[in-house]
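These notes concern the structure reproduced below.
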Amino acid sequence: MSASKVMNHPVLVGAGQITHREKIVGDSVSAVDLAVRAIDACIQDTGRPEIRGRIDTLSVVNMMTEFRESPLPGICARAGISPAFREETSMGGNNPQLLVNRAADRIMAGECRVALLAGAEALYRDRKVWQFMNFEKLFARMRDDDGILGDVRYGESHHEILHGADRASHIYPLFENALRQALGMSLAEHRAYMTAYFLDMAAVAAGNPLAWFNRGKQMDDITEPTAGNPLFNFPYTKFMNPVLAVNQAAAVLVTDTETARSLGIPREKWVYLHGGAEAADKWYISERLCYHASPLIRFTVEASLEAAGLTMADIDFLDLYSCFPCATIIAAREIGLDIHDLPPLTITGGLSYFGGAGNNYTMHAIAHAVERLRRHPEETGLVTGVGYFLTKYAVGIYSGREPAKAWRRPRRNPVQERLDALEPPPFCLKPDGPATVETYTVLHDRPDGVPWPVIVARLDSGERCLATAPRGSGLAGRMEEEEFIGYRGVVTPGDGGPNLFQ
């Protein structure tokens, strides 16, 4: 190739974000309303309003409150766009970064020229959030729509649901406790570590006008159970969970440098995508290799850095997906960071302070990266997104500097091939015999208010199994006062109910 040849690259040329702080009464404001406002802000951000008529692709991150019908027609009509290609994703916080990577692939393959990516949630309501979401109907709608991008399975198996491992706030504590034990921390040391983690997140959110909690509240007791901050699911208190009840939206525009130049979008608006990758781990948590590490994260970050021709030493800032501390710290370990001397792990304040706008948090992180790199184009940032329970992962590497090589990714996914080749421990549905606890949690948010232990154990054969403890056994209280990983007991199969450990 001639030295004078100008390479074409995927670039982000617009970013828009909305944080709507008014409590929504009934359906007075919808997620679609907020998405359209973010899209308008994104288009205005390019400095070229005529780009609205050039948008040929619309990709929308799944909106949990829009379970009745696809949000695509409403967004197109109200945003005044008519893209030939339109898609909505399945569930998962990995999807914003996946959509950026996918848009770059399609743009560089000549399949589209200007891609608009958007997402939103309207969850700060006059009544409880869950009254405005219906996951059963949402998944049914997605399964009936062949145009949905991504896997539309539930993230949990029937057997996992039977044992209480049936949602993020019940499953991430299993990872958190396993990580604590792998780090060699006592319960008290781990609680102090998590307190420092949340204070660091709060410090980043402080003063950020888009962050939901941005007044710098220290919350030194965030990890200590109190009447106002009760123990939720061990080791988490209520305030240690991501903040879902927010009204937030974000959108970005992706094109290529040739199109950006032809549209007259100023060069200082361009942010380059240098590398990216995405993949999925073993789908159900009962099939994972372990609970304190993630080859999924390691492999996707390695592939993204390799594609960009960079190493972690070249990365100036991070936004590691932060639904729960373990998700972020496991990622930090996998990319080689010293967890006792960490750099800032977020540029927004994370899901517990910036806000967890459903599946769309990472679109906000990407928009923040765009704004930062316009101010500091010499920097390079790494942004990640997580779907379900460290199940799906997506990575993007961004900079204001032009890449040294063209964007090119193989059609086959080598990361996925590496993950699929890994062999998890065999799993036993009806265990019977001596077993050792691999990880555990105690749930405090069950409808009857009775603490419910969720136990992952290994039989002496090496097989993994799930169990709970018999009511009245006293194990639940002990699990929160002493290290229970490595505890020996006996598992018996459930008779139409969960397996029992005692």
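The values are calculated or read from the model by the stated rules, or taken from the named source; none is laboratory data. The model shown is predicted, which means the values in this text are computed figures rather than measured ones. Because the Cβ atoms are built from the backbone with ideal geometry, glycine has one as well, and the counts that use them run over all protein chains shown. For the accessible areas, the whole protein counts, side chains as well, though only heavy atoms, and no ligand, DNA or RNA atoms are used. Shrake-Rupley method; radii C 1.70, N 1.55, O 1.52, S 1.80 Å.
Cβ-Cβ below 7 Å, separation at least six or inter-chain, first residue in segment 403-424 and closer than 19 Å to Gly275 by Cα, second among the polar types (S, T, N, Q): which pairs?
Filtered contacts from segment 403-424: Val415/Thr300.
Within segment 229-260, work out how many residues are open to solvent by 30 Å² or more (accessible area, probe 1.4 Å) and either among the aromatic types (Phe, Trp, Tyr) or part of a strand (DSSP E or B) (or both).
3
Just checking, does segment 30-42 include any residue being open to solvent by 10 Å² or more (accessible area, probe 1.4 Å) and outside any helix (DSSP H, G or I)?
Looking through segment 30-42, at least one residue is open to solvent by 10 Å² or more (accessible area, probe 1.4 Å) and outside any helix (DSSP H, G or I).
Taking Asn413 and the conditions (1) under 23 Å from the mean Cα position of the chain (by Cα); (2) open to solvent by less than 40 Å² (accessible area, probe 1.4 Å), which numbered condition does it fall short on, given that it satisfies the others?
Of (1) under 23 Å from the mean Cα position of the chain (by Cα); (2) open to solvent by less than 40 Å² (accessible area, probe 1.4 Å), only one is false for Asn413: (2).
Please tell me if Val60 is open to solvent by less than 10 Å² (accessible area, probe 1.4 Å), touching an Asp or Glu at 6+ places or on another chain (Cβ under 9 Å), hydrophobic (A, V, I, L, M, F, W, C) and under 20 Å from Val246 (Cβ atoms). Spell out how you get there, then give the answer.
Values: open to solvent by less than 10 Å² (accessible area, probe 1.4 Å): yes; touching an Asp or Glu at 6+ places or on another chain (Cβ under 9 Å): yes; hydrophobic (A, V, I, L, M, F, W, C): yes; under 20 Å from Val246 (Cβ atoms): yes.
Considered against the rule, which asks whether it is open to solvent by less than 10 Å² (accessible area, probe 1.4 Å), touching an Asp or Glu at 6+ places or on another chain (Cβ under 9 Å), hydrophobic (A, V, I, L, M, F, W, C) and under 20 Å from Val246 (Cβ atoms), Val60 comes out as yes.
Any residue in segment 425-439 that's more than 16 Å from Tyr291 (Cβ to Cβ): show its pairings with residues that are among the aliphatic types (A, V, I, L, M) and open to solvent by 40 Å² or more (accessible area, probe 1.4 Å) at Cβ separation under 7 Å, as long as the two are six or more apart or on different chains.
What qualifies is Gly433/Val490; Pro434/Val490.
A quick yes/no check of all residues on (1) surrounded by 20 or more Cβ atoms within 10 Å (Cβ to Cβ); (2) in contact with a helix residue (DSSP H, G or I) (Cβ under 9 Å, 6 or more places away or on another chain); (3) among the β-branched types (Val, Ile, Thr); (4) at pLDDT below 95:
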site: His274; (1), (2), (3), (4): yes, yes, no, no
site: Glu278; (1), (2), (3), (4): yes, yes, no, no
site: Trp283; (1), (2), (3), (4): no, no, no, no
site: Glu287; (1), (2), (3), (4): no, no, no, no
site: Pro295; (1), (2), (3), (4): no, yes, no, no
site: Phe299; (1), (2), (3), (4): yes, yes, no, no
site: Ala303; (1), (2), (3), (4): yes, yes, no, no
site: Glu306; (1), (2), (3), (4): no, no, no, no
site: Leu310; (1), (2), (3), (4): no, yes, no, no
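So, in segment 474-496, of the ones that are farther than 28 Å from Gly184 by Cβ and modelled with pLDDT under 95, which residue ends up least open to solvent (accessible area, probe 1.4 Å)? I'd like the intermediate steps shown before the answer.
If we filter segment 474-496 for residues that are farther than 28 Å from Gly184 by Cβ, which is where we start, we get 492-496.
Now narrow it down to the ones that are modelled with pLDDT under 95: 494-496.
On the way: Gly494: 24, Asp495: 158, Gly496: 80 Å².
Here the answer is Gly494.
Is it true that some residue in segment 423-434 is out of contact with any strand residue (DSSP E or B) (no Cβ under 7 Å at 6 or more places or on another chain), aromatic (Phe, Trp, Tyr) and at negative phi?
No: segment 423-434 contains no residue that is out of contact with any strand residue (DSSP E or B) (no Cβ under 7 Å at 6 or more places or on another chain), aromatic (Phe, Trp, Tyr) and at negative phi.
With the requirement that a residue be of a type outside the set (A, V, I, L, M, F, W, C) and over 21 Å from the mean Cα position of the chain (by Cα), what does segment 137-159 give you?
Applying the first criterion (of a type outside the set (A, V, I, L, M, F, W, C)) to segment 137-159 yields 137, 141, 143-147, 150-151, 153-159.
Residues satisfying the conditions are Lys137, Arg141, Arg143, Asp144, Asp145, Asp146, Gly147, His158, His159.
The conditions are (1) touching a strand residue (DSSP E or B) at 6+ places or on another chain (Cβ under 6 Å); (2) modelled with pLDDT under 95, and Met240 fails exactly one of them. Which is it?
(1)
If the requirement is being assigned to a helix (DSSP H, G or I), out of contact with any strand residue (DSSP E or B) (no Cβ under 6 Å at 6 or more places or on another chain) and of a type outside the set (A, V, I, L, M, F, W, C), which of these qualifies: Arg127, Arg141, Arg153?
Numbers: Arg127 fails: assigned to a helix (DSSP H, G or I); Arg153 fails: assigned to a helix (DSSP H, G or I).
So the residue among Arg127, Arg141, Arg153 that is assigned to a helix (DSSP H, G or I), out of contact with any strand residue (DSSP E or B) (no Cβ under 6 Å at 6 or more places or on another chain) and of a type outside the set (A, V, I, L, M, F, W, C) is Arg141.
Six or more apart or on different chains, Cβ under 6 Å: which pairs go from a residue in segment 118-140 that's within 23 Å of Asp151 (Cα to Cα) to one that's among the aromatic types (Phe, Trp, Tyr) and assigned to a loop (DSSP other than H, G, I, E, B)? Could you list them?
Every condition considered, the pairs that remain are Asn134/Phe67; Lys137/Phe67; Leu138/Phe67.
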